[in-house]
Amino acid sequence: MLEKITSRFVKVTEVIASLLMVLLTLVVFAEVLSRYVFDYPISSSTEMTQIFFPWMIFLGTIAVTKNEDHLKITVLQEKFGRGVQWVLQVFAKVIMLLFSVYMVYASYLLADAVRMQPLPMLRISKSWLYASVTVSFALVAILLILQISLLLRNKRTWMEGGEIQ
């Protein structure tokens with residue numbers, strides 16, 4: 001049940017990130033077309049790409065974390081038995097969780113510090129740029145807590161060679 005909810009949620013974030021990629025592509029294409037064909041630059045396109053790009057990237061980190069598609073070094077881990085591998089797996093997820101919590105905190109402070117500074121053309125707060133980090137790493141932290149709890153709860157399955165995601 002929880003796995004199904006998590007998978008659907010991750011799928012929604014993937015769709016949103018994909019839509020942001022389409023929007024980003026359209027904005028950049030329109031800017032290039034407008035600037036070089038019509039000699040009339042779109043002044044707000046730079047700010048739109050500044051907003052779309054981080055949201056797209058950081059929402060994508062949720063799916064990367066869920067699917068464990070991130071870079072991880074397993075050379076040393078594979079030298080040990082299943083028990084030590086399980087401990088190293090839990091340890092790595094706890095480190096990732098601590099990093100995610102720190103990123104939520106630091107990006108919130110940054111977003112709060114610039115909340116009264118508007119972007120010149122769009123006239124919205126610069127905090128929208130940094131809120132993408134806060135939101136995505138908060139969701140990544142929740143996902144990591146779920147993954148750690150599944151590892152702890154299903155230790156025997158993992159030790160027998162099953163993968164828990």
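From the list Ser107, Ser43, which one is polar (S, T, N, Q), within 30 Å of Val28 (Cα to Cα) and not in a helix (DSSP H, G or I)?
Numbers: Ser107 fails: not in a helix (DSSP H, G or I).
Exactly one residue qualifies, and that residue is Ser43.
Pull out all pairs, ordered by first then second residue, where Cβ-Cβ is under 8 Å, the residues are six or more apart or on different chains, the first lies in segment 73-100 and is more than 21 Å from Val133 (Cβ to Cβ), and the second is of a type in the set (Phe, Trp, Tyr) and in a loop (DSSP other than H, G, I, E, B).
Leu88/Phe80
Of the residues that sit in segment 110-128 and are in a helix (DSSP H, G or I) and free of Cβ contacts under 8 Å to residues at least 40 places away in the same chain, which one is farthest from the chain's Cα centre (by Cα)? Reasoning before the result, please.
Initially, segment 110-128 is screened for residues in a helix (DSSP H, G or I), giving 110-113, 127-128.
Now narrow it down to the ones that are free of Cβ contacts under 8 Å to residues at least 40 places away in the same chain: 110-113, 127.
On the way: Leu110: 17, Ala111: 17, Asp112: 20, Ala113: 22, Ser127: 17 Å.
Ranking the qualifying residues of segment 110-128, first place goes to Ala113.
Report yes if Thr13 is among the polar types (S, T, N, Q) and either within 23 Å of Pro54 (Cβ to Cβ) or in contact with a strand residue (DSSP E or B) (Cβ under 9 Å, 6 or more places away or on another chain) (or both), otherwise no. Can you show your working first?
Numbers: among the polar types (S, T, N, Q): yes; either within 23 Å of Pro54 (Cβ to Cβ) or in contact with a strand residue (DSSP E or B) (Cβ under 9 Å, 6 or more places away or on another chain) (or both): yes.
Taking the combined requirement at face value, the residue satisfies it.
Would you be able to tell me the number of residues in segment 49-88 that are within 17 Å of Val140 (Cβ to Cβ) and either among the β-branched types (Val, Ile, Thr) or surrounded by 14 or more Cβ atoms within 10 Å (Cβ to Cβ) (or both)?
The initial filter retains those residues of segment 49-88 that are within 17 Å of Val140 (Cβ to Cβ), namely 54-72.
Now drop any that are not either among the β-branched types (Val, Ile, Thr) or surrounded by 14 or more Cβ atoms within 10 Å (Cβ to Cβ) (or both), which leaves 54-66.
Looking only at that region, the number is 13.
Determine whether segment 5-20 contains at least one residue that is modelled with pLDDT under 85, of a type in the set (A, V, I, L, M), surrounded by fewer than 18 Cβ atoms within 10 Å (Cβ to Cβ) and assigned to a helix (DSSP H, G or I).
Scanning segment 5-20 turns up at least one residue that is modelled with pLDDT under 85, of a type in the set (A, V, I, L, M), surrounded by fewer than 18 Cβ atoms within 10 Å (Cβ to Cβ) and assigned to a helix (DSSP H, G or I).
Please determine, by comparing only the residues of segment 89-133 that are of a type in the set (A, V, I, L, M) and under 15 Å from Pro54 (Cα atoms), which one is surrounded by the fewest Cβ atoms within 10 Å (Cβ to Cβ).
For segment 89-133, the residue satisfying everything is Leu110.
Just to be sure before I move on: is Thr13 free of Cβ contacts under 8 Å to residues at least 40 places away in the same chain, touching a helix residue (DSSP H, G or I) at 6+ places or on another chain (Cβ under 7 Å) and of a type outside the set (Asp, Glu) in the structure I sent? Outline the logic, then answer.
Working: free of Cβ contacts under 8 Å to residues at least 40 places away in the same chain: no; touching a helix residue (DSSP H, G or I) at 6+ places or on another chain (Cβ under 7 Å): yes; of a type outside the set (Asp, Glu): yes.
In short, no.
The values are calculated or read from the model by the stated rules, or taken from the named source; none is laboratory data. Note that the structure is predicted; figures quoted are calculated from it, not measured. Positions of Cβ are generated from backbone atoms using ideal geometry, with glycine treated the same way; all protein chains shown enter the neighbour counts.
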